[in-house]
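What follows is a single structure, written as structure tokens, with notes after it.
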Amino acid sequence: MERSSAVPDFSKPHILILGGTTEAATLARSLADGFSDRLALTTSLAGRTRAPGALPGQVRSGGFGGAEALADYLKDQRVAIVIDATHPFATQISANAVTACETASVPRLALSRAPWKVTPGDNWTYFDSVEAAAENLTQFGRRAFLTVGIQELAPFASLADIWFLVRLIDRPADLAPFSDFQAITGRGPFSVEGERELMESHKIDVLVSKASGGTATAAKLEAARLLGLPVVMVRRPPPPVGPVVHDVPAAIDWIIVRLGS
Ligand code: NAP
């Protein structure tokens, strides 16, 4: 586990953002811009991305060591509020945050992207897991644009009769056992035109996505609709218990009400 060496200013309410998402970074920047004289801010990252973007306030990196250790951290660091702005599919850290905040009596808010809604012309088929999506993929196409993230690649790697365009944030040293693929890197937000060109130039006939929601990666869905392509969609897990907001301004409003100013 890595930790940042800097210590937050304990004379101000200390906000911990569980991050690793565009929304978490936007929230950190908005809080720093508007409230840095009144708040101490720490963003926690899992430490998986090689070069995360710059963030204001303290940044710590690496797991806490489970829910109990997270509760100890909240007490040690006198955290006043936790904003769980992790990815909707990052269910373990969100569950840990629920338990830890209960243990340490710290208020917690989930900032979770608004789910995507099907619009006319969309051709989405939902599966409950990446494994089920992979098992059924050949029903939909043979040249797949795979956008499920590095941790979910394994179920697709053994599908020998499908060519993959694999998009990741960081390029891994090795994508074995994928045999027939091209790997590209990219970090949202993406444009509809860019996504359309990418899919057309690689003759993609199916898009594979997790139902992550939000705006940063939604352009691929519109591009798929414009191109008449099917989307194999992995269903989103339920949100953590407790209060949930879908955007940064609503999270800031919640923090202001909680802190009473
Ligand atoms: P996960 O399965 O829910 O968490 C696994 C473990 O990683 C947690 O138990 C925790 O370790 C550590 N961890 C996760 N997020 C952390 C954070 N923000 N700060 C400190 N420790 C963290 O998480 P995941 O799905 O692997 O996602 C890891 C990170 O990538 C998250 O921050 C998430 O926001 C981001 N992300 C995930 C996805 C996705 O599709 N899953 C997509 C984009 C970004 P300990 O138990 O040791 O504390």
Report, by residue number, each residue of segment 9-33 that is away from the ligand (no atom under 12 Å from the Cβ), of a type in the set (Ser, Thr, Tyr) and either part of a strand (DSSP E or B) or closer than 14 Å to VAL245 by Cβ (or both). THR26, SER30
With (1) surrounded by 18 or more Cβ atoms within 10 Å (Cβ to Cβ); (2) under 14 Å from the mean Cα position of the chain (by Cα); (3) within 10 Å of the ligand (Cβ to nearest atom) as the list, and ARG48 as the residue in question, which single condition is left unmet? (1)
Taking the options GLY62, GLY34, GLY57, name whichever one is within 30 Å of PRO172 (Cα to Cα), surrounded by fewer than 19 Cβ atoms within 10 Å (Cβ to Cβ) and outside the structural domain of GLN182 (by TED's automatic domain parsing). GLY62
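Residues checked against (1) touching a residue at least 12 places away in the same chain (Cβ under 8 Å); (2) surrounded by 13 or more Cβ atoms within 10 Å (Cβ to Cβ); (3) within 19 Å of THR21 (Cα to Cα):
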| site | (1), (2), (3) |
| --- | --- |
| THR147 | yes, yes, yes |
| LEU153 | yes, yes, no |
| ALA173 | no, no, no |
| PRO177 | yes, no, no |
| ALA218 | yes, yes, yes |
| VAL232 | yes, yes, no |
| PRO239 | yes, yes, yes |
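For residues in segment 157-170 being surrounded by fewer than 16 Cβ atoms within 10 Å (Cβ to Cβ) and away from the ligand (no atom under 16 Å from the Cβ), which is nearest to SER201 (Cα to Cα)?
Filtering segment 157-170 for residues surrounded by fewer than 16 Cβ atoms within 10 Å (Cβ to Cβ) gives 158, 160-161, 169-170.
Next, from what is left, pick out any that are away from the ligand (no atom under 16 Å from the Cβ): 158, 160-161.
Numbers: SER158: 24, ALA160: 22, ASP161: 20 Å.
Restricting to residues being surrounded by fewer than 16 Cβ atoms within 10 Å (Cβ to Cβ) and away from the ligand (no atom under 16 Å from the Cβ), the top hit is ASP161.
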Residue count, segment 179-209, condition exposed (fewer than 12 other Cβ atoms within 10 Å of the Cβ), of a type in the set (Lys, Arg) and assigned to a helix (DSSP H, G or I), comes to 0
Would segment 162-169 turn up any residue that is in a loop (DSSP other than H, G, I, E, B) and at pLDDT 95 or above? yes
Checking the structure you have, find out if any residue of segment 178-196 is under 30 Å from PRO239 (Cβ atoms), within 16 Å of the ligand (Cβ to nearest atom), at pLDDT below 95 and over 18 Å from the mean Cα position of the chain (by Cα). no
Among the residues of segment 93-118, count how many are within 18 Å of VAL245 (Cα to Cα), charged (D, E, K, R) and either loosely packed, with under 15 Cβ neighbours inside 10 Å or within 11 Å of the ligand (Cβ to nearest atom) (or both). 2
If I ask for residues that are β-branched (Val, Ile, Thr) and buried (at least 22 other Cβ atoms within 10 Å of the Cβ), which ones from segment 75-92 would you list? VAL79, VAL82, ILE83, THR86
Of the listed residues (GLY19, GLY65, GLY57), the one being in contact with a Ser or Thr (Cβ under 9 Å, 6 or more places away or on another chain) and on the phi > 0 side of the Ramachandran plot is GLY57
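Each row is one residue, and each column tells you yes or no for (1) closer than 18 Å to GLY20 by Cα; (2) hydroxyl-bearing (Ser, Thr, Tyr); (3) not in a strand (DSSP E or B).
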| residue | (1), (2), (3) |
| --- | --- |
| PHE89 | yes, no, yes |
| GLN92 | yes, no, yes |
| ALA95 | yes, no, yes |
| THR99 | no, yes, yes |
| ALA110 | yes, no, no |
| TRP116 | no, no, yes |
| TYR126 | no, yes, no |
| ALA133 | no, no, yes |
| ALA144 | no, no, no |
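The values are calculated or read from the model by the stated rules, or taken from the named source; none is laboratory data. Just so you know, these numbers come straight off a predicted model, no measurement behind them. Cβ coordinates were reconstructed from backbone atoms using ideal geometry, including for glycine residues, and neighbour counts include every protein chain displayed.
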